[in-house]
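Data block below; observations after.
Every read-out reported here was derived from the displayed coordinates using simple, explicitly stated rules and does not represent laboratory data. Since the model is a prediction, treat every value here as computed from it, not as a measurement. Backbone-built Cβ (ideal geometry, glycine too); neighbour counts: all protein chains shown.
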Amino acid sequence: LSADVLICGAGPAGLVLGNMLRAEGIRCLIVERQSRAHVEQRARAGFLAANSVRILTENGLADGLHANGLTHDTCAFRGDHGEFELKYSGLGRGEMHTVYPQQDLVRDLVKEFLDRGGEILFSTEVSEIDAEGASLLLGDGSRLTGQFVAGCDGQHGVSRRAVPARVYQRDHGISWFALLAEAGPSVSAVLYAMHPNGFAGHMARNATITRYYLQVPKDFDPRSWPDERIWDELRLRMRTDQYGPLRTGRFVERRIVHMTSHVMDPIQHASLFLAGDAASLISPSAAKGANLALMAAETLAKALAGQINLGDSVPLKSYSAEVLPRIWRAQEFSHWMINLLHSPSGNDDDAVFLRSLQRARLESLRDSRAHQDHFAENYVGI
Ligand code: FAD
């Protein structure tokens, strides 16, 4: 055996799982297609829910996050209706986000995993997984064998293909131009702006980097607009003439994110267990992907440790049944957020009807304390 648990992918799911298993003395090996430098610089998520901070803290993985993360507790909605803010730390369960860039979290997790005696094969691609034989076929034709395999290789990985599951998927028909700007925050809140040209979002990452989103057509070329054209569109949709200017800077990342979701059911087969984006992809509208990845990694780590160290097979057998309802809750909220943030342009009856629903939804969120509590619980919760 190469290890007790073979983990495919060194993203948040695979690394949290690996660290928790090492803490239980379980031998595990992570195989990662990219180099260490690549995964430690890959900017993606930033908003960690209270449950994610708990998982990282309880498992000794949160030193960097507590030293350098920023707490965040307010979001604002701007549009035809005007603007309102929700300070969600005073709503629902009183939870808030911690903003800590995913690449910094991954760097911390890699270091800790190696310090705990784990092994990572970087720049090594898994080309096939044998779920029955608990083995990984590597790109060079060699094979690694374990007792269990964890498929944590994201939405484009190979592990999903090795689980004979039904895949429920949805293309929401919306695309976001995701940008990272070398610019400090322009407002203190996460800002969701609704405009006839489409949605625009502002989410500060730290004092010098801000993520922006612009809704764009599906076939939009991210290189087709010069920086100034992008800033003009952000200013227009964020109505800066009414609400104040944006702090600008160079764009250091431009990518297109399509709003698609999928959920596999089940997310386990024989000795193979999926976690993170490999098990379910969620649209980034409510910033839930990394948080779901951590939730599943914690559940799987406990189940594997129970099986390997105590011979208790029950948690592992019910892994899918335990995790899937929580995935669906997050999917439901994320889908609701998509409908809150986007509406069709044009003046035909259907477009006007949907825009009127969007406005009614926003007004309800602005005016109803019960609605705000529900929003806060789901926005920060997993
Ligand atoms: P990944 O992070 O994708 O890691 C999978 C790993 O497997 C990768 O390192 C990959 O290289 C490796 N791999 C793939 N195939 C193979 C193979 N064949 N062999 C070996 N290795 C392989 N989520 C939030 O919670 N909050 C946010 O604010 C947020 N913002 C986001 C913004 C953007 C622009 C994007 C794109 C995503 C965002 N997300 C957010 C989602 C979040 O980044 C993902 O859900 C998260 O990375 C999932 O973690 P994972 O470990 O499952 O997969």
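Before moving on, here are some points about what is shown:
- With at most 15 neighbouring Cβ atoms within 10 Å, loop trypsin sites (Lys or Arg not before Pro) (DSSP) excluded, longest segment of the chain: 251-382
- Around Asn51: net Lys/Arg minus Asp/Glu count, Cβ-Cβ under 13 Å: +1
- Share of pairwise Cα separations in segment 1-136, more than 18 Å, in percent: 61
- Along its three principal directions, the equivalent ellipsoid of segment 283-372 from the Cα gyration tensor extends over semi-axes of 41, 13, 10 Å, largest first.
- Using θ = phi - 60° in the Karplus curve 6.51 cos²θ - 1.76 cosθ + 1.60, the 3J(HN,Hα) couplings for segment 120-129 round to 10, 9, 7, 6, 10, 8, 8, 9, 7, 10 Hz; x is entered for Gly and Pro.
- Full-extension gain in nm, Asp219 to Arg250, via 0.36 nm per residue minus C-alpha separation: 8.8 nm
- Working value for segment 214-277: equivalent-ellipsoid semi-axes of 38, 14, 12 Å, each the square root of 5 times a Cα gyration tensor eigenvalue, largest first.
- Share of Cα-Cα pairs in the chain lying beyond 34 Å, as whole percent: 29
- Segment 226-276 and segment 148-189 have Cα centres spaced 11 Å apart.
- Structural descriptor for segment 90-198: relative contact order 13 percent, calculated from alpha carbon pairs under 8 angstrom and at least 6 residues apart.
- Charge-dipole axis of segment 1-78 as Lys and Arg at +1 and Asp and Glu at -1 on Cβ define it, positive-most pick from Gly14, Gly60, His38: His38
- Considering only Cα atoms, the convex hull volume of segment 202-251 works out to 88 Å³ per residue.
- For segment 139-273, a/c is not less than 1.5, where a ≥ b ≥ c are the root eigenvalues of the C-alpha gyration tensor, and a/b tops b/c. That puts it in the prolate class.
- Between Asp171 and Asp241, residue separation times 0.36 nm minus the direct Cα-Cα distance comes to 21.8 nm.
- Ellipticity estimate at 222 nm from DSSP helix runs (n ≥ 4, -39,500 (n - 2.57)) divided over the chain, nearest 500: -11500 deg cm²/dmol
- Once you divide the Cα radius of gyration of segment 1-81 by 2.2 N^0.38 Å, the number left is 1.42.
- Modelled spin-label separation between Lys87 and Asp140, with each label point placed 7 Å from Cα along the Cα-to-Cβ direction: 5.8 nm.
- Rounded FRET efficiency, nearest 0.05, which uses the C-beta distance separating His66 from Glu377 and R0 of 22 Å: 0.40
- Cross-link partners for Lys302 among the lysines, with Cα-Cα distance under 18 Å and sequence neighbours closer than 8 places in the same chain left out: Lys317.
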